[in-house]
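Some notes on the structure that comes next.
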Amino acid sequence: MLLTEILHLQSKNYADKPALIFGEQQVSFRQFHEQVLHLAAGLCAIGVGKGDKVAIYLPNCLEFAYAYLAGFYLGAVCVPLDFQLKEEELISCLSHSESKVLIARSKTGIDWQTVKNGTSHLQKIIAVGSIDEGAWAFEKISTTTHNPFKPALVADIDPALIMYTSGTTGKPKGILLNYKHLEGSPAAMQYFVDLSDRDVKLAAIPLSHIGGFIYLQNCIHFGITLILMDRFNPIEFLEKIVQYQVTCFHIVPPMYTAILTLKNLGMYDLSSLRWIVVFGAPSSPEILQRFHQHCPNARLLNGWGMTETCPPNTVTPLDSDNIDSVGKPAPNCVIRILDAAGQVVPTGEIGEIVISGWIVMQEYYKDPEATAEMKRPEGLYTGDLGRFDAAGFLYIVGRKKEMIKVGGQIVYAPEVESVLYQHSAVAEAAVIGVPDALRGESVKAFVVLKEGQQVSPEDLRYVCRDRLAHFKVPQVVEIREQLAKNRVGKIDKSLLA
């Protein structure tokens, strides 16, 4: 069933129940549906139709949610863009996606006339909030009475989303998902966890990211109340858990780390949490376990997946405590570990994770070479290295491109990072390979210490020497005040390199 059809049903099933809460604004399921229909009619009136690209350049807000669903009602292709994109990046993505309409908020450093002049397909800019010269008013388009429109008839293979990878620089890489793909994440969530209309979720992930979009799908599919934050702030995040009795959430490892650095973490009552998920990067289970001390009622879950494969694709089963792994696969995909020759490796051995099934993306938009490189007859080559154990649990050992070769020996960065995280003074750690004249590469670690803690680089190297083979021990440990992050909050190792 289409997402729009489900929203229509939920507007009747949960008419007056809060669907979205953003700041002081509270929107019921009936109001949510009405707002989406008004916006869809307004977009239709200005010429948006099936197959047209509608770009959304907003921070998390109610209008972002309305724009997604209004686009789907019209059979359009939604192009959510991260609000942190600079002007040049924005123009690049708009041009590459051939977006016809842009729904945006004013932002310092963005000149809308320059944006419009730099894109040949862009016809209209719809402004949320203050009106720029030449822009249409979102409020007017979404509240003016328009002629009724007929929801578009869409096929499974019709394009629905173009999502740009979080590290968009230079040549854009747009992941094209079709309308069938919109069923992938909700189906996996229904299989993995016990979401119901009694749940309240808290979204601090950008709606432009697949992890943020999943929150919106959860709201509509399961009738939950969704609390939206415009950006992640650890104190505000905890305050909202307490205020709204939040029951579950999914965030990336650095967000957990930011919360754990708060001195007054213990004063927040997190007993409402039923389960919490870490996703998006190889993570140290120590981070989850440390957080669990403050919410002992919650189940700890680890998950894995990619925008290209309608995540989550693996999650820890609710009856398992094995958070060293990223769980077991969903039934809507097949995951295999292959060697360089494309053969399945024996259980326990490391190889590249290859995933197949209808959940695999349609293509990298207008990039047949990149599509062919990753999407092959065996499935989608993820670039992640992993292994299965005898019980069917998947373990991520690192990215293929991040594999460090020290004098012919292989080092997987997450293994070294995990050891560093075991030191009580370490808040964040990232490991990369750097050129070495004698050994090809050597291991370098970047570390952020917890507030008020002091430890020398040599002390950290000693911890590694005590627990790792000599070739895995970082030759250099650099202590920094902070580590570079990408737009979703993950540590950006390309910038560190």
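Quick notes on this one:
- Percent antiparallel among DSSP beta bridges (both partners in the chain, rounded to 5): 55
- Size descriptors for the chain (Cα atoms only): Rg and Dmax, in that order, 22.9, 73 Å.
- Note on F471 and D230: their simple-model spin labels are 5.2 nm apart, each label 7 Å out from Cα toward Cβ.
- Using a Förster distance of 35 Å, the FRET efficiency for E139-A497 (Cβ separation, nearest 0.05): 0.20
- Distances between every pair of Cα atoms in region 324-440, grouped in 10 Å steps from 0 to the bin holding the largest one, split as 12, 35, 33, 17, 2 percent.
- Modelled spin-label separation between L438 and A155, with each label point placed 7 Å from Cα along the Cα-to-Cβ direction: 6.3 nm.
- Net lengthening on full extension, K405/E24 (0.36 nm per residue, minus Cα-Cα): 131.9 nm
- Potential extension, I479-L260 segment - 0.36 nm per residue separation minus Cα distance: 77.0 nm
- Counting lysine pairs in region 403-496 that sit 8 or more residues apart in sequence, or on different chains, and whose Cα atoms lie under 17 Å apart gives 6.
- Percent of beta bridges antiparallel (DSSP, region 183-399, rounded to nearest 5): 60
- Candidate cross-link partners of K140 among the lysines, defined by an alpha-carbon separation under 25 Å and a same-chain spacing of 8 or more, comprise K50, K53, K100, K107, K116, K124, K150.
- Segment D269..W358, full-extension length gain: 27.9 nm, with 0.36 nm per residue of separation and the alpha-carbon distance subtracted.
- Filtered trypsin sites (Lys or Arg not before Pro), region 129-219: DSSP coil and at most 16 other beta carbons within 10 Å: R198
- Relative contact order for the chain: 11 percent, from Cα pairs under 8 Å spaced at least 6 residues apart, divided by residue count.
- Remark: C-alpha extents of region 185-313 on the principal axes read 38, 30, 26 Å, sorted largest to smallest.
- Radius 13 Å from Cβ of N322, net charge of other residues (Lys, Arg +1; Asp, Glu -1): -2
- 10 Å-binned pair-distance histogram of region 298-362 (Cα, whole percent): 21, 45, 31, 4, 0
- Helical mean residue ellipticity (222 nm; -39500 (n - 2.57) per DSSP H run of 4+; nearest 500) of the chain: -8500 deg cm²/dmol
- Over region 61-211, relative contact order from alpha-carbon pairs under 8 Å, at least 6 apart, %: 26
Computed from the coordinates by the stated procedures, all read-outs in this text should not be read as laboratory data. These numbers come from a predicted model, not from an experiment. Backbone-built Cβ (ideal geometry, glycine too); neighbour counts: all protein chains shown.
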